[in-house]
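Working notes, structure below.
The values are calculated or read from the model by the stated rules, or taken from the named source; none is laboratory data. Please read these numbers as outputs of a predicted model, since none were measured by experiment. For neighbour counting, all protein chains shown are included, and Cβ atoms are generated from backbone atoms with ideal geometry for every residue, glycine included.
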Amino acid sequence: PEHTYAEQTPRSKSWIEQAKKVMPGGITANIKHFAPYPIVMKKGCGAFITDVDNHQYVDYLLAYGALMLGHGHPEVKQAIDEMFADSGTLLFGAPHPLEVTFGHEIQQLYPSMERLRYTNSGTEATLLAMRIAQAYTNKKRIAKFEGHYHGGYNDVLYSVSPTLSEAGPADAPIPVKESKGMHVTDGEEPLILPFNNLTACERLLRAQQDSIAAVMIEPLQGGFIPATDTFIAGLRELTEELGIVLIFDEVKTGFRIRLGGAQEWYGVSPDLTTLGKVIGAGFPFGIVGGRKDIMEVTSPTTGSDVFDQSQSTFSRAKDVVFHSGTYNGHPLILAAGLKTVDVLKRDIKDVFARTDMLKDELEALFVRKGVPMKAVGIGSIFSVVLTEEDIFNYRDLQASDLQTRKLIDLHLLNEGIYTKPLNRYSLSTAHTEREVERTISAYDRVLSRLFGG
Ligand code: PMP
């Protein structure tokens, strides 16, 4: 496919050469890179994106799942336009009424988020969640799962995609740094847990309970590999017993598994939750929320700035968790997010139905072609996993046929079906049966080319 790929995307190719003179590797976020070179996109409309060579693609990447209403949804555009017309970018550095309106909406959908704070990305949200848990428990270490991604910094940038030869035994994984230049300055490396293995998690956590502040988890690994019911319920019980804060990182799963996230699907309440992607409606955004008594450690009214009326003086106590940012709670983003929730309340069932249809038709097609495949996922996200086995964790995924999956993905790009090779599929309200059918025929052609039949 590389031959066709280069023929179809000459402008992307020369753009990347130019870009290398501006940005290291020609890229501003390493995740945008893939071999032989990424396709440069210039426009999006509904379920479609258009590249610089004017090819149109059905977009299943949707900015890593962020755009659940597709590109340029008219109602979101209108909400933004109205706010913008009112007072420009609306950035005051002061509280804004929408912070509360928006928060009420989130609390309705995520009852475990009794108090919440806004951040500027999912990464910032998970960093803040960890700091809150550390302050609340007065413990330091974070436990996270092998193969789970929570952002680009600190304790969570371990063992996201480790090489298995370096990763230790399956039931006691060792922490593997994801990046050069990381150094442990404050405390130890994180404890790495095996996903969907409750017995091992219990053994590892009990041994370290006095040092572990929080367990952070993607309730569905990568947004698509579900925790089993017994695993997630068991983890909830165990962390509660051990005095460890349980953090659900729902940056991918929020609004996509169910409107109320994976916690609605499982009926399990974490202590803290992080949200991002969908709720930012395409803007940089994140939320941290959870139990009132835990979240209150960030409250300035309980610490940092106290007015003593009898003496007319201000004093400052330092027992509060620092959380600030110039852009936190940006009203334009809140308006877009609120509108997104409105639209999803009306249309989310259609997105689920369309996703199920695509999964079912793909699985049937792969059966016809005699190629083992499972469409793994719940709600509006899934991934195409080339395997006959059930998939429970990172190591299972590594054992599937990733090489062939990449090859299929590259062929699909030439057929106008876009996701970054190996990435999961996310759907939007803009994906109709027509796009599903177009996708199935593209797959049909690609599988025939690769496997005959
Ligand atoms: N947590 C999860 C589960 C994510 O999927 C991501 C982003 N892929 C993040 C955190 C980080 O979010 P952001 O890219 O907005 O910093």
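Observations
- Among residues of region 159-174 that are part of a loop (DSSP other than H, G, I, E, B) and modelled with pLDDT of 95 or more, those with a Cβ under 6 angstrom from a residue that is surrounded by 15 or more Cβ atoms within 10 Å (Cβ to Cβ) and among the basic types (Lys, Arg), sequence gap 6+ or separate chain, pair up as ALA170/ARG395.
- Any hit, region 286-293, residues being basic (Lys, Arg), assigned to a loop (DSSP other than H, G, I, E, B), outside the structural domain of ALA353 (by TED's automatic domain parsing) and surrounded by fewer than 24 Cβ atoms within 10 Å (Cβ to Cβ): yes
- Answer residue from region 111-142, given it is more than 28 Å from ALA207 (Cβ to Cβ) and within 12 Å of the ligand (Cβ to nearest atom) and is surrounded by the fewest Cβ atoms within 10 Å (Cβ to Cβ) among those: SER121
- Note on region 143-156: residues that are within 13 Å of the ligand (Cβ to nearest atom), more than 25 Å from THR326 (Cα to Cα) and touching a Pro at 6+ places or on another chain (Cβ under 9 Å) amount to 3.
- For ALA79, the test of being hydrophobic (A, V, I, L, M, F, W, C), without any contact (Cβ under 8 Å) to a residue 40 or more places away in the chain, outside the structural domain of LYS42 (by TED's automatic domain parsing) and over 30 Å from LEU397 (Cβ atoms) is failed.
- Every residue from region 175-192 that is assigned to a strand (DSSP E or B) and of a type in the set (Lys, Arg): LYS177
- Residues that are touching a strand residue (DSSP E or B) at 6+ places or on another chain (Cβ under 7 Å) and among the β-branched types (Val, Ile, Thr) were ranked within region 175-197; the one that is modelled with the highest pLDDT is ILE192.
- When the strands (runs of 3 or more DSSP E) confined to region 12-88 are screened for residues that are over 21 Å from ALA442 (Cα atoms), those reaching at least 2 such residues are found at 41-45.
- Taken across region 182-202, residues that are charged (D, E, K, R) and within 16 Å of the ligand (Cβ to nearest atom) do not occur at all.
- Residue check for GLU7: of a type in the set (Asp, Glu) and at pLDDT below 95: yes
- Residues of region 237-288 that are more than 12 Å from the ligand (Cβ to nearest atom), small (Gly, Ala, Ser) and over 24 Å from LEU205 (Cβ atoms): GLY260, ALA281.
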